[in-house]
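Inspection log for the structure reproduced underneath, given as structure tokens.
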């Protein structure tokens with residue numbers, strides 16, 4: 001997948017989570033020869049986690065809009081309903097603060113209607 005450090009950075013810079021995950025798999029594969037260093041693998045891991053966490057907010061919104069409760073969302077994530085709710089609330093506030101503009105804040109906040 002990679003051709004050296006430059007291509008690793010190109011993979012990290014791509015918006016899709018699959019490229020960092022593939023690099024992570026390259027490192028964690030049980031092979032004697034590795035194309036990815038441990039530090040590069042850690043950097044890739046952090047990027048993949050960041051991307052997946054960013055996408056979590058959208059999926060949580062979709063689940064709420066589809067009728068899921070905070071308890072169900074928390075259970076799916078392996079956290080409490082309050083932790084799921086708080087995560088979504090914080091991400092919504094961050095979205096409003098740092099990405100003002102053509103967002104649908106009312107719809108984003110509407111899913112916060114509590115069932116706690």
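Structure notes:
- Filtered residues of the range 77-88 (kept if free of Cβ contacts under 8 Å to residues at least 12 places away in the same chain and within 21 Å of residue 107 (Cβ to Cβ)): 86
- Condition check for residue 108 on (1) buried (at least 16 other Cβ atoms within 10 Å of the Cβ); (2) at pLDDT 80 or above: one failure, at (2).
- Total residues in the range 36-76, condition closer than 18 Å to residue 108 by Cβ, assigned to a helix (DSSP H, G or I) and out of contact with any helix residue (DSSP H, G or I) (no Cβ under 6 Å at 6 or more places or on another chain): 10
- Flag for residue 17 being in contact with a helix residue (DSSP H, G or I) (Cβ under 7 Å, 6 or more places away or on another chain), modelled with pLDDT under 85 and under 30 Å from residue 109 (Cα atoms): yes
The values are calculated or read from the model by the stated rules, or taken from the named source; none is laboratory data. No experiment lies behind these values; they were computed from the predicted model shown. Because the Cβ atoms are built from the backbone with ideal geometry, glycine has one as well, and the counts that use them run over all protein chains shown.
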